[in-house]
2 protein chains.
Amino acid sequence: MGADDHGHREYVINATVQSASLTPTVEDYLKAIYRLSSQGVVAATGDIAGLLDVSAPSASWMVKRLSEAGLIEHVPYRGVRLTRKGRRAALHTLRRHRILEVYLVKRLGYEWDDVHEEAERLEHAVSGKLIERMAAALGDPRYDPHGAPIPTSEGEIEQVDLVTLAEAAVGATVEFRQVSDEDPDRLRYLAEQKLTPGTRMTVLERQRFNGTITVRVGNATRVVGQELAGALLCREVAA
Amino acid sequence: MGADDHGHREYVINATVQSASLTPTVEDYLKAIYRLSSQGVVAATGDIAGLLDVSAPSASWMVKRLSEAGLIEHVPYRGVRLTRKGRRAALHTLRRHRILEVYLVKRLGYEWDDVHEEAERLEHAVSGKLIERMAAALGDPRYDPHGAPIPTSEGEIEQVDLVTLAEAAVGATVEFRQVSDEDPDRLRYLAEQKLTPGTRMTVLERQRFNGTITVRVGNATRVVGQELAGALLCREVAA
DNA sequence: TCTTAAGTTTAGAGTAGTCTAATAACGAGA
DNA sequence: TCTCGTTATTAGACTACTCTAAACTTAAGA
């Protein structure tokens, strides 16, 4: 060692990771990688950079560190995948984030379009004790305000196959289950339209070229644009 | 410039400070300086280092930066004093800390000996909006669980002259008003002894050499050691 | 007034990130 | 198989802190 100084100085990550604190930055990277590799797909360094809004070299540098720490597996120029340790850490942070979101909505009068940013900061600062107290006070919720499943404190997460409304077959009845918490405008729009998780819709028609979808909600008929339809995660329902 | 490079590289603090985020570290330093210079006394660099458990050079370096940012006035080798801007920032953080402490106790079942550490981390992460929601939910509390006054959102703080029980005159009746939140053991002991802020005590006797104080609380007589007595901040009461 | 101890600051280096610019590797089409 | 565009990584610098060791100030005692 010592001879191979590749530009950035080298240091070993100090985390034992058991639950010994990862830095907020590391937690954010792990969450991003988790999101990108939902189906076991490898995440590209560039996608990580894009999601976290950092430069590609920054992401590349962090990937190296994470890999050295045993939190991810990295095949240079190929991509990245969470190890069991990394996945555990990511789900740990995700649990915090989602419990916080529920708490802010249910106990402090936040709107569902307004909780993401706050939770994003708090998830790195709350103790495990506080999160479990919040969870208990809320009756151990299983979903966050946007319908996303909350990992258990043991690190398990419900895995349901959802399709976007954009993908649903004409004639199918689906239940709107989940939407990303990251776009406040979209969330406000959905709230205005009374389109919240749990709503059942029947796909009546799909427009050929603009991708617009017509659905029946209750007795009303509604037209959903392509972009929005692609963001609404739904479960196919028998009837 | 450029020629006078005194070891540490130079950079200008980027904070406009209006309410633009100071780093957590800066907030901690300002809080420490506020505590040390309660009565307008200058705070020594070494005391700041001691309170924050950092080395003297670290404190000295930060003092320089804080001074450049207009948050403190620094006379080298003499000491440090908060500017109006610095005081505002310190009280801002203190408000967050104390609101959080009340919230944790009243809404999440925390014990008063257990809130300091949690609040210490959260105070840097919560938004102003969240703090004001918590404050409103609590009915705008004026004191934290340890009796410390909570600065208003405008940055005003109640200034009451308190004496420690150790200083109270024999024969005097005092009301226990406030105790530091930083020593969990002491707080647990006080809770066990049912000695909480609001308790009235009459000083019956002060032992000559060990400083032990005998007080009457209600109908009971209690002996309070010197160290503990020095930590109990009291208000002198007429009767 | 001189010396010395205590306390403060400077010197210089390390850590965990950030960035831009330059280089290297991959993979798709000719 | 070669070339070229895209993507990834390395090079090197900067920030906001941390530290130890050394130098400097101040205040107090002889």
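So, in segment B:161-196, of the ones that are among the β-branched types (Val, Ile, Thr) and in a loop (DSSP other than H, G, I, E, B), which residue ends up farthest from the chain's Cα centre (by Cα)?
We begin by selecting, within segment B:161-196, every residue among the β-branched types (Val, Ile, Thr); these are B:163-164, B:170, B:173-174, B:179, B:196.
Keeping just the survivors that are in a loop (DSSP other than H, G, I, E, B) gives B:170, B:179, B:196.
Working: B:170: 28, B:179: 10, B:196: 18 Å.
Result: B:170.
Taken as a whole, segment A:61-72 holds no residue that is more than 14 Å from DNA strand C (Cβ to nearest atom) and on the phi < 0 side of the Ramachandran plot. Could you list all residues from segment B:37-61 that are more than 10 Å from DNA strand D (Cβ to nearest atom), in a helix (DSSP H, G or I) and of a type outside the set (Gly, Ala, Ser)? Matches in segment B:37-61: B:45, B:47, B:48, B:51. The single condition from (1) more than 17 Å from the chain's Cα centre (by Cα); (2) of a type in the set (A, V, I, L, M); (3) within 30 Å of residue A:193 (Cα to Cα); (4) within 16 Å of DNA strand D (Cβ to nearest atom) that residue A:108 fails is (4).
Selection over segment A:194-211 of residues that are more than 15 Å from residue A:171 (Cα to Cα) and at pLDDT 95 or above gives a count of 5.
Scanning segment A:119-137 for residues that are in a helix (DSSP H, G or I) and either buried (at least 21 other Cβ atoms within 10 Å of the Cβ) or more than 8 Å from chain B (Cβ to nearest Cβ) (or both) gives A:119, A:120, A:122, A:128, A:130, A:131, A:132, A:134, A:135, A:136. Considering segment B:67-110, and only residues there that are touching a Gly at 6+ places or on another chain (Cβ under 6 Å) and either in contact (Cβ under 8 Å) with a residue 60 or more places away in the chain or not β-branched (Val, Ile, Thr) (or both), the residue that is surrounded by the most Cβ atoms within 10 Å (Cβ to Cβ) turns out to be B:71. Taking first residues from segment B:41-66 that are closer than 9 Å to residue B:79 by Cβ and partners that are near DNA strand D (Cβ under 9 Å from one of its atoms) and of a type in the set (S, T, N, Q), the Cβ contacts under 9 Å between residues at least 6 apart in sequence or on separate chains come to B:45/B:60.
When A:140, A:161 are checked against the criterion of being at pLDDT below 95, over 26 Å from residue A:29 (Cβ atoms), surrounded by fewer than 19 Cβ atoms within 10 Å (Cβ to Cβ) and away from every other protein chain (no Cβ under 14 Å), A:161 stands alone in meeting it.
The values are calculated or read from the model by the stated rules, or taken from the named source; none is laboratory data. On a predicted model such as this, the values are computed, not experimentally measured, just so you know. Heads up, the Cβs are rebuilt from the backbone with ideal geometry, glycines too, and the neighbour counts pull from every protein chain shown.
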